[in-house]
Amino acid sequence: MYTDVFIYICSYLSGYVLTWVAMVTEVVLCDRDASGDMAVQSWTQSLQSSRKTALIHDGKRKIHFLFTDGNEMAEEYDLKTDELIVRKWRNKSTLGAQGQWEVEVGEPPASPVASSDDVIKENNSNPLFMRTDTKSSFQWRIRNLPYPKDVFSVVVEPSEKCIIIKTSNKKYYKKFSVPDMERSELPFDCSALSFTHANNTLIVSYKKPKEILTLEQELLKELKKLKGTGDGNVDCKTQ
């Protein structure tokens, strides 16, 4: 009899604990999702409230954003495919001075040509890291990596909110963040990551979350409504 009562109590307590754990887990997940939703809304509002200049030139839709904090973003879209070709940022310093443009998406700026033979030029065989997105994925290409695919390890590090690339021969290592995910405070999904290797180029892809896809689609609709000039420089600050 005592044994039956003991088993009953243990079973009852176990069920109570499991229910409590499930409740706590649900609350934590909801909080995380709510935080992400708020961040997406905040970034969307920043885009909407920014001053925008549109320029149609050379088969591209060029947009210049001036945010309320004085920071600037410039984007270029292919007119035929609507794919993002370039995104770069220029932030103001604490003293209000304008910084240099920093490329987030697209071909990195070419190194200045050396004016003297005494100046050591950049080795063209060094790995070249650049981001080239598609409509459905964030994508990075690292050229000049002449190793077989099985040498590479590409993983998501959720605790550091980044992606890590390394090789078993210890010839290459790269850790990088995804600014879009940071701005929207979205969690990483390991199953969204994939990579391939061909022609000495490693291609890393991460499927865009639905929140990012929705945001980009809505933004592009608004950008297409802007009246773009036929020539000029997207670096201007006009309305």
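The values are calculated or read from the model by the stated rules, or taken from the named source; none is laboratory data. It should be emphasised that the depicted structure is a prediction, and the values quoted were computed from it without experimental measurement. Note that each Cβ is placed from the backbone with ideal geometry, even for glycine, and that neighbours are counted across all protein chains shown. In case anyone asks, the SASA skips ligands and DNA or RNA and just uses the protein heavy atoms, side chains included. Shrake-Rupley method; radii C 1.70, N 1.55, O 1.52, S 1.80 Å.
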Response to the item:
Applied in sequence order to the range 212-217, the curve 6.51 cos²θ - 1.76 cosθ + 1.60 (Karplus, θ = phi - 60°) yields integer Hz couplings, x standing for Gly and Pro, of 5, 4, 5, 4, 5, 5
Worksheet entry | Too-long pairs where the Cα-Cα distance tops 31 Å, listed order kept, from LYS175/LYS210; LYS88/LYS207; LYS62/LYS149; LYS88/LYS221 | LYS62/LYS149
Discussion item. Can you sort ASP58, ASP133, ASP78 by solvent-accessible area, 1.4 Å probe, largest first?
Written reply: ASP58, ASP78, ASP133
Discussion item. What distance in nm separates the two pseudo spin-label positions at SER191 and TYR173, each 7 Å out from Cα along the beta-carbon direction?
Written reply: 3.1
Fill in: Per-residue ³J(HN,Hα) for the range 45-60, Karplus 6.51 cos²θ - 1.76 cosθ + 1.60, θ = phi - 60°, Hz, x for Gly and Pro
5, 5, 5, 5, 7, 6, 7, 10, 10, 10, 9, 9, 7, 6, x, 10
Fill in: Sequence-distant residues sharing a close amide H with VAL86 (under 5 Å, placed H)
GLU76
Worksheet entry | Virtual spin-label span in nm between ASN71 and LYS207, 7 Å along Cα→Cβ | 2.9
